[in-house]
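Visitor: There's a structure below that I have some questions on.
Derivation of every value follows stated rules applied to the coordinates shown; laboratory data play no part. Computed from a predicted model, the values in this text were never measured in an experiment. Counting neighbours? That spans all protein chains shown, and the Cβs are built from the backbone with ideal geometry, glycine included.
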Amino acid sequence: HDIGKNIVSVVLQCNNYEVIDLGVMVPPQKILDAALEHGVDAIGLSGLITPSLDEMVFLASEMKRQGISLPLLIGGATTSRAHTAVKIQPVLDSPVVHVNDASRSVPVVQRLLGEQGADFAAEIRSDYDRLAEQYANRSSQRNFMPMDAARANRYRPDFSRKPARPAQLGVFTLDDYPLEKLVPYIDWTPFFMAWDLHGKYPRILEDEVVGAQAKILLADAQAMLTQAVSEGWLTAKGVYGFFEAQQKGDDIEVRDAQGESHRFLTLRQQGQKKEGLPYLALSDFIDPAGEDYLGLFAVTTGHGLDERVAAYEAAQDDYSALMLKALADRLAEAFAEHLHERVRREFWGYAAEETLTNEDLIAESYQGIRPAPGYPACPDHLEKDLLFRLLDVEARAGIQLTEHKAMYPTAAVSGYYFAHPEAKYFGLAKIDTDQLTDYAGRRGISQEDAARWLSPLLDL
């Protein structure tokens, strides 16, 4: 998942910039210490999951406190111009720029460090000031449904249609799963996006601008993929489980094999809607009367990746190192897709007659949903803790959670299985302070800690 950062590093080096790459999951102070030690001209940060956003704000504030007056470049999947303008720029006096893709890193650095750098920095600051003001105006105009009213207007599926009990409850391990079974499930569109080539596969191959480059990249990828599969470069491991479940308000109570109860906390939409439209939470798709079920999973195709990547990097073959990381990520997502299909057709069996193409799977045309903590319907990464405990993920699949709830190996996916035919994907968007207070109480943490974990959802 550090592919974007690595591409930026390679692009800058190809343009005669020296790059000090500190790797992933680096503490803020280590970054600042390295910046001073090497006398750098700028600092770049990349963030994949939402907890990293607060780390960026903290690092920026520490730059100011410690008198480190250097340009700060912000990028990564969870970042945005708005977050940079609203949360990061106000705590830092030196220039801060959001760089939305790797191709822009060189011109941004050139302008920041060039003769007109001060003018460019002033232009960016003025632009971000306007953006922050617009954001504040929108926030003041945003209308929320009070929490009690949103719950009263929850979505109510027809639970007479809920799926049958899985053939067997419990936790099940998939060890050294055959990679060749995963290859047909690869979604190639995000692969090209990782290389800053934007367009839907396979149409991108005929694109007037990037088509030729995309064809070369795909040929190289498929050649490496064939070798990686045949020679066993990567090891795929997974674990999944099915649990008795019951809706308890906005929580989902599950029971493990010992009969002990545990609760997953879900969050509810609160942005004002037209009358009659429901305010969704994932708990809505589980029957409050009980006799319902929730599935969980975690998969990885990242075992063996670091060693191969290190060998490529030692040989100064950055292209192959990036390629293998991108393929490992695609294989992990393919594993999640393939396992979900087997769950629907075999392991749970609620869609035993399903016959879908890979295009159908990518379009999510199946019954039920597979949301993952950190995604729009369930942006709370703290839910990974219970998921990992119930499945014993570290022991069964060798995946670890960092303190910021990132998964390692990084080529990994974890999430839930909701099987009700009316279950659907949705985005939570923003929540109000009454839900934040309610959530903190249910979680048993301070409101300040809750706000830190849910900061992208809040207008604070």
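Visitor: Expected output is a single nm value to one decimal: the length gained when fully extending between residue 220 and residue 21, i.e. 0.36 nm times separation in residues minus the C-alpha distance. What is it? Kindly include the intermediate steps, with their values, before the conclusion.
Guide: Values: separation 199, 0.36 × 199 = 71.64 nm, distance 2.55 nm.
Length gained between residue 220 and residue 21: 69.1 nm.
Visitor: Among 43, 75, 13, which residue has its Cα positioned farthest towards the positive end of the charge dipole of region 3-141, with +1 placed on the Cβ of Lys and Arg, -1 on the Cβ of Asp and Glu, and the dipole taken about the Cα centre?
Guide: 75
Visitor: Here is a follow-up. Where nothing but the Cβ of Lys and Arg (+1) and of Asp and Glu (-1) is charged, how large is the charge dipole of the chain around its Cα centre, in debye to the nearest 20?
Guide: On the way: 45 positive and 68 negative charges, 220 e Å.
Charge dipole, the chain, about its Cα centre: 1060 debye, nearest 20.
Visitor: Using θ = phi - 60° and the Karplus curve 6.51 cos²θ - 1.76 cosθ + 1.60, what whole-Hz ³J(HN,Hα) does each residue of region 413-428 get, with Gly and Pro shown as x?
Guide: So the J values, rounded to whole Hz, are 9, 9, x, 10, 10, 9, 9, 4, x, 9, 5, 8, 6, 7, x, 6.
Visitor: One quarter of the convex hull surface, Cα atoms only: what value does that give for the chain in nm²?
Guide: Values: hull surface 94.0 nm².
Hull-based average projected area comes out at 23.5 nm².
Visitor: Round to the nearest 0.05 the FRET efficiency obtained for residue 206 and residue 100 when R0 = 25 Å and r is the Cβ-Cβ distance.
Guide: Rounded to the nearest 0.05, the efficiency is 0.50.
Visitor: Apply the Karplus parameterisation 6.51 cos²θ - 1.76 cosθ + 1.60, with θ equal to phi minus 60°, to every residue of region 401-406 and state each ³J(HN,Hα) to the nearest whole Hz, in sequence, with x for glycine and proline.
Guide: 9, 7, 5, 9, 6, 7
Visitor: Sticking with this one: Counting residues in region 401-460 as N, plug N into 2.2 N^0.38 Å and put the Cα Rg over that result.
Guide: Output field value: 1.41.
Visitor: Continuing with the same structure: For region 3-141, what is the per residue volume of the convex hull drawn over the alpha-carbon atoms, in cubic angstrom?
Guide: It is 106 Å³ per residue.
Visitor: Here's something else I'd like to know. At R0 = 22 Å, how high is the FRET efficiency between residue 356 and residue 180 if r is their beta carbon distance? Nearest 0.05 is fine. Please report the intermediate quantities before stating the final value.
Guide: Values: r = 20 Å, r/R0 = 0.90.
With a Förster radius of 22 Å, E is 0.65.
Visitor: Can you list residues whose amide H is under 5 Å from residue 292's amide H, if they're 5+ apart or on another chain and H is modeled 1.01 Å from N?
Guide: 245
Visitor: Here is a further query. If you average the C-alpha positions of region 256-316 and of region 66-128 separately, how far apart do those two centres end up, in angstrom?
Guide: Answer, in whole Å: 34.
Visitor: Summing -39500 (n - 2.57) over the DSSP H runs of n ≥ 4 in the chain and dividing by its residue number, what mean residue ellipticity at 222 nm do you reach, to the nearest 500 deg cm²/dmol?
Guide: Computed mean residue ellipticity for the chain: -12000 deg cm²/dmol.
Visitor: Here's a follow-up. Can you compute 3J(HN,Hα) from phi for each residue in region 256-264, using the Karplus curve 6.51 cos²θ - 1.76 cosθ + 1.60 with θ = phi - 60°, rounded to whole Hz and x for Gly and Pro?
Guide: Whole-Hz 3J(HN,Hα) from phi for region 256-264: 8, 5, 8, x, 7, 9, 9, 10, 8.
Visitor: Give, in nm to one decimal, the length gained when the segment between residue 110 and residue 317 is fully stretched (0.36 nm per residue of separation minus the Cα-Cα distance).
Guide: 72.0 nm
Visitor: A further question follows. Can you give me the relative contact order of the chain as a percent, contacts being Cα pairs under 8 Å and 6 or more apart?
Guide: This gives 17 percent for the chain.
Visitor: Skipping prolines and chain starts, which residues have an amide H placed within reach, meaning under 5 Å, of the one on residue 267, given they are 5 or more residues away or on another chain?
Guide: So residue 267 has HN proximity to 282.
Visitor: Set the bar at 22 Å for Cα to Cα. Now go through 162/424; 200/325; 200/274; 237/384 and name every pair that lies beyond it.
Guide: Over 22 Å apart, Cα to Cα: 200/274.
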